[in-house]
Structure formats: structure tokens, C-alpha cells
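The structure appears right after this line, and notes come after that.
The values are calculated or read from the model by the stated rules, or taken from the named source; none is laboratory data. Please read all numbers here as calculations on a predicted model, not as lab measurements. Here Cβ is always computed from backbone atoms with ideal geometry, including for glycine, and neighbour counts include all displayed protein chains.
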Amino acid sequence: MQIVNFTPVDSLIGGVLIGLATTLFLATTGRICGISGIAKSLMRSEKIEGFMWRGLFILGLIIGGFIYIQIKGTGNTAVGFHDLDPKLFISAILVGVGTAYGRGCTSGHGICGIARRSGRSIVATCIFMFTAMVTVYFVG
């Protein structure tokens with residue numbers, strides 16, 4: 001097996017930033033930083049305050065990706081819109097349905113839930129990881 005795009009420094013910095021951001025988010029809002037929950041609530045927000053912070057949060061995630069690409073370049077990982085496979089859209093729908101049934105996503109369960117020692121989050125993260133390994137085995 002050949003390791004491609006091995007980036008331990010970038011990964012370490014990213015992990016530290018995610019940990020700091022989720023801690024700061026919890027400390028300042030009292031909320032768990034689960035992306036699927038924030039995105040789902042964005043669509044249901046009736047008050048402008050709730051819509052604004054959720055919208056800015058999601059926008060920040062998107063802008064952060066663009067900033068990273070500008071700083072580091074795209075390398076071999078860039079995907080143009082002309083390269084998008086319909087399977088990606090089906091996968092996105094399945095992920096959305098899965099996060100609804102699982103009552104959260106990898107960020108909510110894997111980062112915030114495990115840090116709070118939530119049994120439900122530990123089980124959910126184990127299921128996420130097992131499913132990812134099986135998928136990579138058969139697809140990769």
C-alpha cells in the first residue's frame with residue numbers, strides 16, 4: 001500500500017484548530033458543534049438571530065476550505081464540477097439520512113460527544129468508523 005498525500009503537520013494543525021473551535025463554540029454558546037444539526041436547524045430557523053449565526057457558521061466552513069486551497073494549493077485532490085459523479089449526490093443524500101437517524105454526524109458525535117464521554121456518541125462513532133473501513137475495503 002502506498003500512502004498518498006501524507007500530511008501529518010497539516011493534519012495536526014487542523015485537529016488542534018477543530019478542537020479549539022469546538023471548545024470555544026461550546027463555551028460561548030452552550031451548544032454542541034455538530035455540523036448536521038447546525039445545517040438542519042438553519043433551514044428551520046424562524047428568528048433572524050438563529051438563522052444568522054448558523055448561516056455564518058456554514059459560510060465560514062465553506063470559506064475556510066477556499067482559504068486553505070489559496071494558501072496550500074489544490075495538489076492532486078481538486079475536483080471540478082465537470083468531474084462530479086452522480087454517485088456523489090446519492091452518497092450525500094445517504095449521509096444526510098444517516099445523520100438524521102443517528103441523531104448527529106461525525107463532528108457532533110466523534111469530536112464533541114466523545115469528549116463529553118457520551119456512550120451514545122462512542123457507539124455512533126464506532127459504527128461510523130466500521131462502516132468507513134468496510135466501504136474502503138470494498139470500494140478502494
From Ile62, Ile71, Ile38, residue being in contact with a Phe, Trp or Tyr (Cβ under 8 Å, 6 or more places away or on another chain) and either modelled with pLDDT under 90 or not in a helix (DSSP H, G or I) (or both): Ile38
Quick check on my filter: what residues within segment 92-110 are of a type outside the set (A, V, I, L, M, F, W, C) and either within 21 Å of Ile18 (Cα to Cα) or touching a strand residue (DSSP E or B) at 6+ places or on another chain (Cβ under 8 Å) (or both)? Thr99, Arg103, Gly104, Thr106, Ser107, Gly108, His109, Gly110
Just checking, does segment 43-57 include any residue being at pLDDT below 85, more than 24 Å from Thr7 (Cα to Cα), hydrophobic (A, V, I, L, M, F, W, C) and part of a helix (DSSP H, G or I)? yes
Residues (at pLDDT 85 or above and over 13 Å from the mean Cα position of the chain (by Cα)) located in segment 96-114: Gly113, Ile114
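Residue-by-condition table, conditions (1) more than 16 Å from the chain's Cα centre (by Cα); (2) closer than 23 Å to Ser121 by Cα:
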site	(1), (2)
Ser11	no, yes
Leu17	no, yes
Leu24	yes, yes
Ala27	yes, yes
Ile32	no, yes
Ser36	no, yes
Met43	yes, no
In segment 30-57, how many are surrounded by 11 or more Cβ atoms within 10 Å (Cβ to Cβ) and touching a helix residue (DSSP H, G or I) at 6+ places or on another chain (Cβ under 9 Å)? 19
